[in-house]
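The structure appears below as structure tokens.
The values are calculated or read from the model by the stated rules, or taken from the named source; none is laboratory data. Note that the structure is a prediction, hence the values are computed from the model and not measured. Here the Cβ is made from the backbone with ideal geometry for all residues, glycine too, and neighbour counts use every protein chain on show. Heads up: the accessible areas ignore ligands, DNA and RNA and are worked out on the full protein's heavy atoms, side chains in. Shrake-Rupley method; radii C 1.70, N 1.55, O 1.52, S 1.80 Å.
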Amino acid sequence: MSTLWNSTLETGVAKIDEQHKELFRQVDTLRDRSQANRIDDTLRFLAGYVVKHFRDEELLQMQSNYPKKDAHKKLHVQFISTFRDLKKQYEAAGNKLDTILNVNKVVIGWLKDHIMVHDKEFAQYYKKYSAKK
Ligand SMILES: [Fe+2]
């Protein structure tokens, strides 16, 4: 389990929580210098997994008629663009530790803020919605 993950990040929606944990696990490998040769692979994996995870979340929001789904999707789109910029910066800088640590910091920072506010808000809604069905 990622050392950066903690239970305050849990939304209570199992599928979302599993994917969040996987994101943290993967980003965590960026902090480990001994895994330097895995960093390219990890960034590639994350680029795909982030898109998949957002798509799954957006699907749940559509299926449950979440009123804030458009605003939530906008946040995802913005993050994908931030992540792509970071990946480009990393590729341009080469395998530099400060760039790698910056990617780690920005991605984890964004995820934590996003989960704590926006995903939890959706999860509250979704749990109520599911209970009514
Ligand atoms: Fe989200």
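A Cβ distance below 8 Å, combined with a sequence gap of six or more or placement on separate chains, defines the contacts here; from the stretch 103-132, residues that are within 12 Å of the ligand (Cβ to nearest atom) and open to solvent by less than 60 Å² (accessible area, probe 1.4 Å) reach residues that are aromatic (Phe, Trp, Tyr) and part of a helix (DSSP H, G or I) in the pairs LEU111/PHE24; HIS114/PHE79. Scanning the stretch 52-84 for residues that are open to solvent by less than 80 Å² (accessible area, probe 1.4 Å), more than 12 Å from the ligand (Cβ to nearest atom) and not small (Gly, Ala, Ser) yields THR82, PHE83. Of the residues that sit in the stretch 9-55 and are polar (S, T, N, Q) and modelled with pLDDT of 95 or more, which one is nearest to the chain's Cα centre (by Cα)? Here the residue is GLN19.
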